[in-house]
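The values are calculated or read from the model by the stated rules, or taken from the named source; none is laboratory data. A quick note: this is a predicted structure, and the numbers were derived from the prediction, not measured. Note that each Cβ is placed from the backbone with ideal geometry, even for glycine, and that neighbours are counted across all protein chains shown. Calculation scope for accessible area: heavy atoms of the full protein, side chains included, ligands and nucleic acids excluded. Shrake-Rupley method; radii C 1.70, N 1.55, O 1.52, S 1.80 Å.
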Amino acid sequence: MLNGDMVRGRDFIIVGQQPWDTEIGSNCKNIALELSRSNRVLYVNSALDRISLLRGKNDAKVQKRLAVIKGKQDGIELIQENLWTYYPDCLIESINWIKSKAVFNLLNKRNNRLFARSIKQAVSKLGFANTILFNDNDMFRSFYLKEMLKPDLSIYYSRDFMLAVDYWKYHGTDLEPALIAKSDICMANSTYLANYCRQYNPCSYYVGQGCDLDMFSGYTGTEAPGDMVNIPRPVIGYVGALQSIRLDIELLGYIATQRPEWSIVLVGPEDNEFKKSSLHAVKNIYFLGGKDPSLLPAYIDVFDVCLNPQIVNQVTIGNYPRKIDEYLAMGKPVVATATEAMSIFSEYTYLAVTRDDYLELIERALKENSSELQSDRRVFASSHTWANNVTEIYRAINDFNTKKQNNGGTH
């Protein structure tokens, strides 16, 4: 990493969708950890809202937030050197159900004001100054934070096309483009989302994606999982949540029926559509259920070809598929649906447009696989680290600042 790519000694405020105490993986948490190597970082959890309080009043996480609001507990917690998380000491209203845009906007501004006031207290306590605000897709609760916190630089980070989800669609259709437009910089983890942001803000950058791949790249096991031992080869496999909004059920059925000599192995929890699907009646499709994440490399290791049979829709077209990196980190041939987000993998994967493409490309992947190709895949996947991802974030910040100086300080 060149020194010119770095941003050092700055104070970052991070707001977003996922709290620090989430059990699932989080882009933003990984970015925060990496930023804190050279900067101070305050990771702000979303404020407790009234419906969450009512529905989860006995939940330990809700109780913790309530204790902070009541002044019984300090909301600032040190995670590691230069990195703190913050539980806001305010209760905001649950307003997304309100259909009147005028009423929603009025109450949303009030929520933002309470949220901003709480953040300012934490910022003051930590002695943060000349801050950089990094907003991870939080288009409602953090809509006014640029105006209210007055950071030196405001960044909107897009990692999913949120407007494809009903919860965000109604009010977000107006608010997200407006938030993108007024942010100083927009950053995205896929080329599709960078282009989407660029419609509203010319200072939009593709910054790539980091992944935790040590578990996959360092796998040294030799024994197949017990429920894989008697499955005939070749094994064409998928690991991940089986969600009908993302995966093509008909495509999986077509592959299995057209090539009965292949074993189609699906490892992951099923949604209701998958549970009810006719795939369960197909003899060469094997549903193995959800597994502990630590076991997934052992399953992928048995796969002869890995799949990502996505449906192309607003949810998937711009989504960065982290599982592709996991497959490639183990050197596996991958056949996936061609989307704009998949374009960066085009030299190392087989990209299908039609269902017959899938048949042809799986056959080709089985025939062409070699130790040289496996090595190339591993090397490519290893470049997708959080350090490299944050380096791209730094480059975008430095590029924006250079252009701003050259333009006399204007956005």
Fill in the blank from the handout: Being open to solvent by less than 20 Å² (accessible area, probe 1.4 Å), at pLDDT 95 or above and under 18 Å from Asn137 (Cβ atoms) narrows Asn27, Asn39, Asn45 down to just Asn45
Completion exercise
Scanning the stretch 92-115 for residues that are in a helix (DSSP H, G or I) and charged (D, E, K, R), the one nearest to Tyr43 (Cα to Cα) turns out to be Arg113
Handout entry: Pair list, Cβ under 7 Å, 6 or more apart: the stretch 278-305 residue without any contact (Cβ under 8 Å) to a residue 60 or more places away in the chain and hydroxyl-bearing (Ser, Thr, Tyr), other residue surrounded by fewer than 16 Cβ atoms within 10 Å (Cβ to Cβ) and outside any helix (DSSP H, G or I)
Key = none
Exercise for the section: Could you tell me which of the residues Cys186, Cys211 is touching a Cys at 6+ places or on another chain (Cβ under 6 Å) and touching a residue at least 24 places away in the same chain (Cβ under 8 Å)? Expected result: Cys186
Problem - The listed residue being surrounded by fewer than 17 Cβ atoms within 10 Å (Cβ to Cβ) and within 22 Å of Lys150 (Cα to Cα), out of Gly9, Gly16, Gly71, Gly56 - result: Gly9
Problem - For His384: the one exception among (1) in a helix (DSSP H, G or I); (2) in contact with a helix residue (DSSP H, G or I) (Cβ under 7 Å, 6 or more places away or on another chain); (3) in contact (Cβ under 8 Å) with a residue 60 or more places away in the chain - result: (1)
Exercise for the section: Inspect all residues belonging to the stretch 227-246 and state whether any of them is assigned to a helix (DSSP H, G or I) and of a type in the set (Gly, Ala, Ser). Expected result: no
Problem - Failed condition for Lys332, given (1) more than 21 Å from the chain's Cα centre (by Cα); (2) without any contact (Cβ under 8 Å) to a residue 60 or more places away in the chain; (3) over 26 Å from Gly221 (Cα atoms); (4) buried (at least 17 other Cβ atoms within 10 Å of the Cβ) - result: (3)
Fill in the blank from the handout: Scanning the stretch 261-290 for residues that are of a type in the set (Asp, Glu) and part of a loop (DSSP other than H, G, I, E, B), the one least open to solvent (accessible area, probe 1.4 Å) turns out to be Asp271
Practice task
Scan Val312, Val335 and give me the residue that is out of contact with any helix residue (DSSP H, G or I) (no Cβ under 9 Å at 6 or more places or on another chain) and outside any helix (DSSP H, G or I).
Solution key: Val312
Exercise for the section: Among what's in the stretch 291-301 and is closer than 20 Å to Glu270 by Cβ and surrounded by fewer than 18 Cβ atoms within 10 Å (Cβ to Cβ), pick the residue that is nearest to the chain's Cα centre (by Cα). Expected result: Pro293
Practice task
Scan the helices (runs of 4 or more DSSP H) fully inside the stretch 1-91 and keep the ones with 1 or more residues being within 19 Å of Arg117 (Cβ to Cβ) and over 23 Å from the mean Cα position of the chain (by Cα).
Solution key: 50-55, 60-69
Exercise for the section: Quick one: count up the residues across the stretch 267-288 that are within 12 Å of Ile231 (Cα to Cα) and in contact with a Phe, Trp or Tyr (Cβ under 9 Å, 6 or more places away or on another chain). Expected result: 3
Completion exercise
All-but-one check, Asn319 against (1) of a type in the set (S, T, N, Q); (2) assigned to a loop (DSSP other than H, G, I, E, B); (3) surrounded by fewer than 15 Cβ atoms within 10 Å (Cβ to Cβ), failing number (3)
Fill in the blank from the handout: Sole miss for Asn401 among (1) more than 26 Å from Ala298 (Cβ to Cβ); (2) not in a helix (DSSP H, G or I) is condition (2)
Handout entry: Test for Leu351: is it part of a helix (DSSP H, G or I), in contact with a Phe, Trp or Tyr (Cβ under 9 Å, 6 or more places away or on another chain), without any contact (Cβ under 8 Å) to a residue 60 or more places away in the chain and within 29 Å of Thr191 (Cα to Cα)
Key = no
Practice task
Being at pLDDT 95 or above and open to solvent by less than 70 Å² (accessible area, probe 1.4 Å) is the filter; apply it to the stretch 233-242 and report the residue that is farthest from Leu288 (Cα to Cα).
Solution key: Pro234
